[in-house]
Amino acid sequence: MPAFNTRCLSRLGICLALALLALAHPVKAQGVNFTLPDLDNRPVQLADFRGRWVIVNFWASWCAPCLLEMPDLQAFHEAHYARAVVIGVNFEEITAREIRPFLARLGVTFPVALSGGQPVPGFEIKGLPTTFFISPAGQRVGAHLGAVNTALLTQRLTELEQSGRSAR
């Protein structure tokens, strides 16, 4: 875990406040795509994962709830890889060189893309962490503001599949 400084602590307070207000909420199905660089500057394109559910998680290294949910995101990714993939989008101005050891310590193997702290069209971020559910057809069909865990992700994915939203 990185050392905390004053800036980190103030962001941590904001992040925690937003996490406490977090509620899962449905969103209108909307087609989305992005192409962002990964840690090796190769493109991560959302459209490449069509045919499977995609869990897009926006996070930052200074956000305590983001760090706490990483093991659950990894566990979900491993347990559900046949039907769903997790993509982590780092939402801060930080280099791949700075992120690599951080992710290695957390045991993260799912794809991680870099936004450079810039907005990604189709993904409105009101706080971190924020997780979006993308159907196999490439539609954004759900979002969750705040930390997630394996049980929440599994339950939400099952609900979305049963509601028939995967084909939209």
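Within the range 114-135, track down each residue that is touching a Phe, Trp or Tyr at 6+ places or on another chain (Cβ under 8 Å) and not polar (S, T, N, Q). Of everything in the range 114-135, those that are touching a Phe, Trp or Tyr at 6+ places or on another chain (Cβ under 8 Å) and not polar (S, T, N, Q) turn out to be G117, V120, P121, G122, F123, I125, L128, P129, F132, F133, I134. Would the range 51-74 turn up any residue that is loosely packed, with under 15 Cβ neighbours inside 10 Å, at pLDDT 95 or above and more than 19 Å from L103 (Cβ to Cβ)? Looking through the range 51-74, at least one residue is loosely packed, with under 15 Cβ neighbours inside 10 Å, at pLDDT 95 or above and more than 19 Å from L103 (Cβ to Cβ). For the range 128-165, the tally of residues that are surrounded by fewer than 20 Cβ atoms within 10 Å (Cβ to Cβ) and on the phi > 0 side of the Ramachandran plot stands at 2. The residues of the range 109-127 that are buried (at least 19 other Cβ atoms within 10 Å of the Cβ) and within 21 Å of R52 (Cβ to Cβ), listed by number, are P111, V112, A113, V120, F123.
The values are calculated or read from the model by the stated rules, or taken from the named source; none is laboratory data. Everything numeric here is computed off the predicted structure, so don't read it as measured data. Here the Cβ is made from the backbone with ideal geometry for all residues, glycine too, and neighbour counts use every protein chain on show.
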